[in-house]
Amino acid sequence: MNSKHSYSAADIQAWLVANLAELIGVETDEIDVNEHLENYGLDSAQAMILVSKLEKMLGFQPSPLLLWHYPNIAALSQRLAEDLPEDAAVIQDTNTAPANAPIPALDLNAEVVLDPTIRPDALPPVTITEPKNIFLTGGTGYLGAFIIRELLQQTNANIYCLVRAANAQEGQSKLAKNLESYAIWDEKYKSRIIPIVGDLALPLLGMGAEQFQILAANIDTIYHSGALLNYVFPYSALKAANVLGTQEVLRLASQIKLKPVHYVSSVAVFESPAYAGKLVKEQDDFAHWEGIFLGYSQTKWVAEKLVKIARDRGLPVTIHRPPLISGDSQTGICNTHDFINLMVKGCLQMGYFPDVEYMMDMSPVDYVSKAIVYLSMQPSSIGKAFHLQHPQPAPLSTLIKWVQSFGYPVKAIPYDQWQAELINNVSSTDNPLYTLRPFLLERWSDEQLTIPDLYLQARRPHISCEETLKALEGSSIVCPPISSEMFMTYTAYLIQTGFLNVA
Ligand SMILES: NC(=O)c1ccc[n+]([C@@H]2O[C@H](COP(=O)([O-])OP(=O)(O)OC[C@H]3O[C@@H](n4cnc5c(N)ncnc54)[C@H](OP(=O)(O)O)[C@@H]3O)[C@@H](O)[C@H]2O)c1
């Protein structure tokens, strides 16, 4: 298909089915056009690949927001056919559902409702010093893998891991594969890592009522790291996994016996422009949500509010807010699919970085996971929140200098020039920026700002981690400095895996 042709909704639907199937590696007959798109588990990069391919096919750039505000392929195809430019002869397909419903305005405060039947105060208080059975969500993800490593080393507990899989065997191999990819898998720990097939997006975590009860009786402590990280999906698409999933975790913690919940939140809870330039401390409230524009950040804001309601009803919780999480400081191992790695790779290929004021406060995954596990085990942590961003951030300009010193021929250019380069000169689909273009160029806010505009330093809060560092004082856990050595380690790993080319 190319932009010279005219497309009916049925044409677009067939194209979407074929391309989605190819992207996620399934047969086309496994794609249901009435299924929610988010249920196909696309990450942000895959979503962007779909958008940029669509752009080529349709001859105009569909808004990435539009893409995810339509619940299924049938509805989306109809809407895209309606959006075709006038010179394209559009044949409407009357068999597809009409999809012209307006996008509803979102009131995040109204979303903060914790099921009143979740009543931890009805159970006797507990103090867990040595958990025997831990329940963990997100064990097939990046941070979750490193939390598993810490829990294996710091406790003797069995770790029951929630995993999306057809059966326990598939769940076990999904967990093992993930741990292997981060060099964490060790056969000797196999018996301590137990898959629990389920889904955060479903009531009772997708388990039957009986299994939920059995788990509620057996587990001592919960680590909730699972979430759908997608920067393109709207709130509505992420709510089931991130908000309602958190509610189900809180339900599990409050049944039969009380179980402390250690919740992985995000510094994104302070993303409202109301906090721009302000100092925010660990125990500060975050009442402002207006102006948080990413659906993902909106879900993290609501989910942490639910955790706090459960705490106020008597549940022992600790809350951990990581910043962007970078690779392991010792080995450089990282999640190569994450947004930052794709951006850096794209800028290297383009030869230009934007010359913007931005402080890199990302923390290595080994620091974040060690801090979470250590802090979760201190009785004095109960009820508190912790900030895990880097205590000594470094300016982006320093990173660019390091990259240049490694031999990459890159230049920092003013942001508007960088944007023009992105629009005019990034035409190779091999460059990750090509697929990220719709996301980076979209005007997201009321002020019509793009994502890079919105994340400029002046728009961010100053996040204090003073109290967190104090709480870590009794341990040997220190956040490794952001240094050229650490970036060398990261670069070496990215080259070794073939993600980056040698300079
Ligand atoms: N990475 C960062 O830079 C960063 C920064 C701040 C906060 N955080 C927070 O840290 C936590 C972990 O992030 P991460 O980087 O490890 O993310 P990740 O690598 O994308 O892992 C996400 C995990 O959540 C699971 N998950 C997603 N939807 C699920 C569902 N419906 N049912 C069951 N499990 C589901 C995934 O399982 P599948 O394997 O089945 O997809 C995966 O195990 C998240 O809560 C995130 O919000 C991360």
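The values are calculated or read from the model by the stated rules, or taken from the named source; none is laboratory data. What you see is a predicted model, and the numbers here were worked out from it, not measured in a lab. In this analysis, Cβ positions are derived from the backbone assuming ideal geometry, glycine residues included, and neighbour counts consider all displayed protein chains. Note: accessible area is taken over every heavy atom of the protein model, side chains too, but ligands, DNA and RNA are not part of it. Shrake-Rupley method; radii C 1.70, N 1.55, O 1.52, S 1.80 Å.
The residues packed around THR246, meaning those with a beta-carbon under 13 Å from its beta-carbon, carry a net charge of +2 if Lys and Arg are +1 and Asp and Glu are -1. Accessible surface ranking for HIS288, HIS462, HIS387, 1.4 angstrom probe, highest first: HIS462, HIS288, HIS387. Each Lys and Arg Cβ is given +1 and each Asp and Glu Cβ -1; about its Cα centre, the chain then shows a dipole of about 1340 debye. Summed over the residues of the chain and divided among them, the accessible surface reaches 43 Å² per residue at a probe radius of 1.4 Å. What net charge is computed for the residues neighbouring LYS411, neighbours being all others with C-beta under 11 Å from the C-beta of LYS411, Lys and Arg scored +1, Asp and Glu -1? Counting the neighbours of LYS411, the net charge comes to -2. Take every DSSP beta bridge whose two residues both sit in the chain; close to 10 percent of them are antiparallel. Pairs over the 20 Å Cα-Cα cut-off, from the set LYS53/LYS174; LYS56/LYS411; LYS305/LYS384; LYS132/LYS308; LYS53/LYS411; LYS239/LYS308: LYS53/LYS174; LYS56/LYS411; LYS132/LYS308; LYS53/LYS411. Which whole-angstrom value gives the distance between the alpha carbon centres of the stretch 432-472 and the stretch 112-141? What the calculation gives is 32 Å, centre to centre. Label positions at ASP430 and GLU30, each projected 7 Å from the Cα along the C-beta direction, are separated by 2.9 nm. Residues whose amide H lies under 5 Å from that of ILE193, counting only those 5 or more places away or on a different chain, are ILE159; hydrogens are built 1.01 Å from N in the peptide plane. Taking the stretch 394-503, which trypsin sites (Lys or Arg not before Pro) meet the DSSP loop condition and have no more than 10 other C-beta atoms within 10 Å? Passing both the DSSP loop test and the Cβ count: no residue.
Note on MET359: accessible area approximately 60 square angstrom, rounded to 10, probe 1.4 Å, nucleic acids and ligands left out. Mean projected area of the Cα convex hull of the stretch 217-369, taken over all directions, amounts to 11.1 nm². Pull out a ≥ b ≥ c, the square roots of the eigenvalues of the alpha-carbon gyration tensor of the stretch 434-503, then state rounded if a/c is under 1.5, prolate if not and a/b is larger than b/c, and oblate in the remaining case. Oblate.
Largest first and in whole Å, the equivalent-ellipsoid semi-axes of the stretch 142-301 read 29, 18, 16, each the square root of five times a Cα gyration tensor eigenvalue. The listed residues GLU130, GLU467 rank as GLU130, GLU467 when sorted by accessible area, largest first, using a 1.4 Å probe. Counting Cα-Cα pairs of the chain in 10 Å increments starting at 0 gives whole-percent bin shares of 4, 18, 29, 28, 17, 5, 1. The H on the amide N of VAL317, modeled in the peptide plane, is under 5 Å from the matching H of VAL261, GLY383, each at least 5 residues off or on a different chain. Direction-averaged projected area, Cα convex hull, the stretch 346-503: 11.4 nm², rounded to one decimal. Taking the protein heavy atoms of the stretch 457-503 in the context of the full set of protein chains, the accessible area attributed to carbon and sulfur is 56 percent at 1.4 Å.
A simple count of charges around LEU472, restricted to other residues whose Cβ falls under 15 Å of its Cβ and scoring Lys, Arg +1 and Asp, Glu -1, yields -2.
At the residue level, ASP284 shows approximately 60 square angstrom of accessible surface with a 1.4 angstrom probe and all protein chains present.
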